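See below for the structure under consideration.
The values are calculated or read from the model by the stated rules, or taken from the named source; none is laboratory data. What you are looking at is a predicted structure, and each value in this text was computed from that prediction instead of being measured. Don't worry about glycine lacking a Cβ; one is built from the backbone with ideal geometry, like all the others, and counts go over all protein chains shown.
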Amino acid sequence: MIATETRPGARLPGPRHVPVIGWQIQGLKMLRDPPAHFTEAFRRYGPVSAWDPRKPRHVYALGPDYNKLLFTQPERFIVDAFRESNLPRDSSMERLTFGLLRLNGDAHRKHRTLMQPAFRVQRIEACRETIIASTQHELDSWRVGERQRIDLDLMRLIVRVAMQTMFGLDSLDGTGVRLHSLIQRLLTLAAAPTTMLLRLNLPGTPYRQMLRVAQEIEQILAGLIRRKRQEPGEGLDVLSALVSARDENGNALTDNELIGEAYNVLCHSTSAASMTWTLFLLDQHPEVMNTLVDELRTTLGGAPPTLEQLKKLEYLDLVLKESLRLFPPASFLMRYASESCQLGPYEIPEGAMVFASGFVTHRLPELFPRPLKFDPLRWKSTNPTVYEYMPFGAGPHNCLGRHMAMLEMKLILSMVLQRFRPSLVSGTSVNRAMRISLVPREGLPVVIHPAGTSLARPVARGNIHESIELN
């Protein structure tokens with residue numbers, strides 16, 4: 001429950017003030033390991049705190065009550081994902097980052113309305129054959145007994161699927177390979193602390209490198225958009241749907257708007273990371289793995305699932321819900337205060353950046369008893385609100401691609417686990433890292449075994465033990 005009695009002039013809780021560089025220190029801590037930083041802030045200061053209590057420009061509002069407050073008042077708490085980046089005007093990077101992540105009010109509603117047809121369930125379900133064919137192609141290259149990076153394998157597969165479903169491209173052609181490589185490079189540069197703290201458009205700086213990579217991505221996307229505009233009829237890919245979309249007045253998205261939305265859709269695909277964590281959790285909990293494999297064999301008999309069969313895979317649904325609880329794709333979200341306002345008992349200034357965290361919310365024991373335990377069966381009796389469980393965000397800016405992500409994960413995991421049992425190389429350090437979503441920092445090396453193989457639980461080292469309960 002949020003305290004509603006305002007305390008005029010009350011200072012927000014937070015760390016001791018460090019002159020000049022205090023906020024940079026807190027920012028670096030947050031960037032290095034967001035889950036640990038948010039968890040520690042909640043433990044030490046409670047649901048509301050600030051990087052610098054003297055000047056509360058960066059504020060944490062944690063827990064379901066504050067999630068509801070932030071995500072049900074979109075006029076007061078607005079989005080602008082790249083406000084702090086101070087991107088050069090009329091640059092490729094500015095155009096790539098234009099879209100739903102930066103839009104509010106009528107502009108956001110217009111874009112969301114135009115984009116929704118591309119993500120309707122019926123259109124997404126039409127991607128089933130593409131996902132199955134791509135998964136079959138990937139799994140045919142796996143060999144029993146081999147050691148491989150399952151995180152990279154799944155990323156390669158998701159990129160192949162994304163290139164086909166988003167752009168109508170074969171990821172094996174030059175354009176698809178180059179586009180994927182550039183986007184990974186851009187995401188790495190954009191997330192680097194040196195880029196964020198030293199925004200210098202000078203030769204040799206990471207910031208200049210980021211801007212140049214963005215230029216090349218924009219050129220590729222602009223070429224794809226021109227090609228789609230010239231093609232008669234409507235393709236099944238998302239870009240074709242966006243190019244042909246019209247509002248009630250017949251207005252379409254401009255080329256610059258299409259570039260921003262196409263980039264945002266592609267770079268925010270988080271399915272590979274979510275499946276990596278799911279396979280890790282199953283490997284660490286053999287009894288859950290065995291129950292799931294039994295369901296897949298009984299229901300599917302070794303074949304890829306039909307859409308009707310997917311609805312019958314109840315245990316797979318429970319496993320994914322629990323995996324997404326522990327490792328939500330949207331582990332934290334940001335909003336900006338459009339005006340001076342009250343956040344619980346505290347006043348925050350106009351322009352303050354306010355952080356919410358699904359990672360923290362999903363680990364509250366009053367919502368999820370034994371919150372660090374991987375327990376799919378808890379979902380038999382758990383029915384949280386959208387502000388208590390929000391793996392894909394909440395409110396009017398929730399993830400448009402969430403249905404596509406769930407379809408991908410259910411199809412791919414059901415096919416992987418009917419053929420193979422990937423198992424962690426025992427003794428591997430599994431440490432969190434924040435990219436677009438949480439990933440294992442050093443990757444996830446596994447050995448491939450036949451499906452149904454009984455294995456001892458491999459030893460996992462690293463800070464993963466802070467995130468989940470492992471025996």
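Going through P35, P47, P15 one at a time, which residue ends up being at pLDDT 85 or above, farther than 21 Å from L333 by Cβ and either among the basic types (K, R) or surrounded by 15 or more Cβ atoms within 10 Å (Cβ to Cβ) (or both)? It would help to see each step written out before you state the result.
Working: P35 fails: farther than 21 Å from L333 by Cβ; P47 fails: farther than 21 Å from L333 by Cβ.
P15 is the lone residue from the list that is at pLDDT 85 or above, farther than 21 Å from L333 by Cβ and either among the basic types (K, R) or surrounded by 15 or more Cβ atoms within 10 Å (Cβ to Cβ) (or both).
The listed residues are Q136, Q122, Q116, and the only one of them that is closer than 26 Å to G235 by Cβ, more than 22 Å from the chain's Cα centre (by Cα), part of a helix (DSSP H, G or I) and touching a residue at least 40 places away in the same chain (Cβ under 8 Å) turns out to be Q136.
Could you list, in sequence order, all residues of segment 49-69 that are in contact with a strand residue (DSSP E or B) (Cβ under 9 Å, 6 or more places away or on another chain) and part of a helix (DSSP H, G or I)?
Within segment 49-69, Y66, N67, L69 qualify.
Only residues that are touching a residue at least 40 places away in the same chain (Cβ under 8 Å) and exposed (fewer than 15 other Cβ atoms within 10 Å of the Cβ) were counted in segment 346-363, giving 2.
Which one is farthest from the chain's Cα centre (by Cα) among residues in segment 167-181 that are buried (at least 17 other Cβ atoms within 10 Å of the Cβ) and not small (G, A, S)?
L169
In segment 376-401, the residues that are more than 18 Å from F355 (Cβ to Cβ) and touching a residue at least 24 places away in the same chain (Cβ under 8 Å) reach residues that are in a helix (DSSP H, G or I) and among the acidic types (D, E) with C-beta atoms within less than 6 angstrom, at least six apart or across chains, in these pairs: P376/E322. Every residue in segment 331-390 that is within 30 Å of L313 (Cβ to Cβ), outside any loop (DSSP other than H, G, I, E, B) and of a type in the set (S, T, Y), please. Selection gives T361 alone.
Let me confirm something: among R95, R102, R123, which residue is surrounded by 15 or more Cβ atoms within 10 Å (Cβ to Cβ) and at pLDDT 85 or above?
R95
Residue pairs whose Cβ atoms lie under 7 Å apart, sitting 6 or more positions apart in sequence or on different chains, and linking a residue in segment 144-165 that is within 19 Å of W277 (Cβ to Cβ) and part of a strand (DSSP E or B) to a partner that is of a type outside the set (A, V, I, L, M) and modelled with pLDDT of 90 or more, are R149/G443; R149/P445. Taken across segment 445-454, residues that are out of contact with any Asp or Glu (no Cβ under 7 Å at 6 or more places or on another chain), buried (at least 21 other Cβ atoms within 10 Å of the Cβ), at pLDDT below 95 and outside any loop (DSSP other than H, G, I, E, B) do not occur at all.
How about segment 292-309: which of its residues are among the hydroxyl-bearing types (S, T, Y), surrounded by 11 or more Cβ atoms within 10 Å (Cβ to Cβ) and assigned to a helix (DSSP H, G or I)? Give the steps one after another, and end with the answer.
Let us first name the residues in segment 292-309 that are among the hydroxyl-bearing types (S, T, Y), namely 298-299, 306.
Filter once more, so that each one left must be surrounded by 11 or more Cβ atoms within 10 Å (Cβ to Cβ): 299, 306.
Matches in segment 292-309: T299 only.
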